[in-house]
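Just below is one structure, and these are the notes that go with it.
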Amino acid sequence: MKFGSIDFDNYLKDYPNKEGFFGPYGGAFIPEELKAPMAEITEAYFKIAKSRKFIAELRRIRKEFQGRPTPVSHLERLSNSLGNVQIYAKREDLNHSGAHKLNHCMGEALLAKYMGKKKIIAETGAGQHGVALATAAAYFGLECDIYMGSVDIKKQAPNVARMKILGARVVEVTHGLATLKEAVDSAFEAYMKEYKDCIYCIGSVVGPHPFPMMVRDFQHVVGEEAREQFLEMTGELPDTIIACVGGGSNAAGFFSGFINDPVEIIGVEPLGRGPKLGDHAASLSYGSEGIMHGFNSIMLKDENGDPAPVYSVASGLDYPSSGPEHAYWKDLGRVKYDVADDEATIDAFYKLSRMEGIIPAIESSHALAHAIKLAKERDHGSILVNLSGRGDKDMDYVIEHFGIPEK
């Protein structure tokens with residue numbers, strides 16, 4: 001399929017290019033001392049991760065340990081309450097550890113093991129990446145350090161406990177806004193001191209090359225499965241697919257499975273309290289081109305051109321930039337990006353919980369909120385939402401700040 005000037009038949013093989021660029025976005029803007037470690041990871045990924053032995057081992061892990069494939073569920077009661085549009089959900093909340101994050105964490109940890117590394121380092125926001133990486137470290141017998149902002153540590157206490165139970169060292173980050181951006185800063189600083197014995201396992205399709213490519217590739221299984229499952233269930237492709245976008249790992253994997261199909265693709269960013277700078281984290285909707293954390297993409301900037309303060313009710317989405325591939329997809333017009341605010345997101349959280357018996361992550365609830373909005377506006381059709389994680393981690397926070405609505 002061609003979209004504009006791009007032929008998507010070979011898109012996943014053609015992008016990124018050798019330097020890690022998706023059009024003008026991506027690359028590796030890193031200190032000189034990190035160029036050799038990044039080149040080592042890139043070479044190992046292309047050599048090891050494409051080998052029959054690595055692929056066979058990863059497939060075995062996905063089936064026997066992660067519980068893949070995760071199902072697609074028809075949200076029939078929710079759909080019928082809204083009109084004639086039928087909403088379906090790809091159930092990444094049923095992936096072991098409760099979210100899509102384990103898909104790339106097991107891949108990255110397996111890569112580290114093949115490279116002879118002893119430790120894996122990462123950042124986390126909502127804690128799902130931290131839990132997934134701690135799970136992978138325990139599985140492979142690796143040391144694990146997780147950097148997490150103090151604000152997110154308070155919001156996500158259940159996931160902090162899980163990481164510690166799994167044997168990870170949780171390093172509290174207290175500077176700046178003490179959220180996801182600062183956690184990434186601190187994790188990269190630690191990696192620069194320890195790169196000989198460890199690898200940095202970034203938690204999204206962000207950072208310097210090869211991470212946006214690697215994480216997308218490891219998450220591609222979500223889109224592959226969903227496409228096959230939806231066709232089997234309905235005999236056709238969905239009209240629209242939707243996923244939430246912070247850094248954008250769940251969306252990149254989900255979207256890439258449908259990128260060559262005549263399917264509408266929508267990424268949903270967090271509008272938070274509103275469009276004022278500092279009240280949201282919708283970088284693709286309100287940002288401009290800029291470099292941070294070693295890659296060029298679309299980011300929210302303050303008056304000095306530095307990464308702006310951001311806010312989201314979802315800890316996993318409060319990041320001032322987005323993956324470079326998302327920026328490229330937006331430029332091409334292949335993917336549309338929209339927003340959902342806190343009010344619509346929490347309403348979707350409770351609707352799914354009460355009408356379908358599924359408590360979603362607040363991150364995923366942004367995508368669901370937009371699906372609900374579209375279902376009310378349209379006369380017919382089908383929407384497939386990527387339910388990227390479960391909401392166990394969010395329950396205390398939601399009850400404390402929003403209460404439990406009456407029936």
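The values are calculated or read from the model by the stated rules, or taken from the named source; none is laboratory data. This one's a predicted model, so the numbers in the text were calculated from it and none came from an experiment. Positions of Cβ are generated from backbone atoms using ideal geometry, with glycine treated the same way; all protein chains shown enter the neighbour counts. Side chains included, ligands, DNA and RNA excluded: accessible areas come from the protein's heavy atoms. Shrake-Rupley method; radii C 1.70, N 1.55, O 1.52, S 1.80 Å.
Which numbered condition in (1) aliphatic (A, V, I, L, M); (2) free of Cβ contacts under 8 Å to residues at least 12 places away in the same chain; (3) open to solvent by less than 30 Å² (accessible area, probe 1.4 Å) is the only one that I399 fails?
Here I399 meets the rest and fails (3).
Give, as residue ranges, the strands (runs of 3 or more DSSP E) completely inside region 267-361 that count at least 1 residues that are open to solvent by 20 Å² or more (accessible area, probe 1.4 Å) and of a type in the set (S, T, Y).
288-292, 336-341
Yes or no: A348 small (G, A, S) and within 21 Å of S204 (Cβ to Cβ)?
No, not satisfied.
If only one of Y195, Y191, Y200 is modelled with pLDDT under 95, open to solvent by 10 Å² or more (accessible area, probe 1.4 Å) and within 30 Å of K119 (Cα to Cα), which one is it?
Sole residue among the options that is modelled with pLDDT under 95, open to solvent by 10 Å² or more (accessible area, probe 1.4 Å) and within 30 Å of K119 (Cα to Cα): Y195.
Regarding I120, is this residue open to solvent by less than 10 Å² (accessible area, probe 1.4 Å), among the β-branched types (V, I, T), at pLDDT 95 or above and out of contact with any Cys (no Cβ under 9 Å at 6 or more places or on another chain)?
no
Taking only region 88-107 into account, find how many residues are among the hydrophobic types (A, V, I, L, M, F, W, C), open to solvent by less than 20 Å² (accessible area, probe 1.4 Å) and in a helix (DSSP H, G or I). Reasoning before the result, please.
Taking region 88-107 first, the residues among the hydrophobic types (A, V, I, L, M, F, W, C) are 89, 94, 99, 102, 105-106.
Now narrow it down to the ones that are open to solvent by less than 20 Å² (accessible area, probe 1.4 Å): 89, 99, 102, 105-106.
From what is left, the residues that are in a helix (DSSP H, G or I) are 102, 105-106.
Count: 3.
Anything in region 31-87 that is surrounded by 16 or more Cβ atoms within 10 Å (Cβ to Cβ), of a type in the set (S, T, Y) and in a loop (DSSP other than H, G, I, E, B)? List them, or say none.
T70
Here is a list: N10, N17. Which entry is under 30 Å from M292 (Cα atoms), modelled with pLDDT of 95 or more and either of a type in the set (V, I, T) or surrounded by fewer than 19 Cβ atoms within 10 Å (Cβ to Cβ) (or both)? Before you say what the answer is, go through the steps one by one.
On the way: N10 fails: modelled with pLDDT of 95 or more.
Checking each option against the conditions leaves just N17.
Only one of V215, V206, V160, V170 is assigned to a helix (DSSP H, G or I), in contact with a strand residue (DSSP E or B) (Cβ under 9 Å, 6 or more places away or on another chain), under 24 Å from Y319 (Cα atoms) and open to solvent by less than 40 Å² (accessible area, probe 1.4 Å). Can you tell me which?
It is V160.
Within region 241-266, take every residue that is in a helix (DSSP H, G or I) and not hydroxyl-bearing (S, T, Y) and give me the one that is surrounded by the most Cβ atoms within 10 Å (Cβ to Cβ).
Within region 241-266, the subset in a helix (DSSP H, G or I) is 249-256.
Filter once more, so that each one left must be not hydroxyl-bearing (S, T, Y): 250-255.
On the way: N250: 35, A251: 37, A252: 31, G253: 29, F254: 33, F255: 29.
Within region 241-266, the match that is surrounded by the most Cβ atoms within 10 Å (Cβ to Cβ) is A251.
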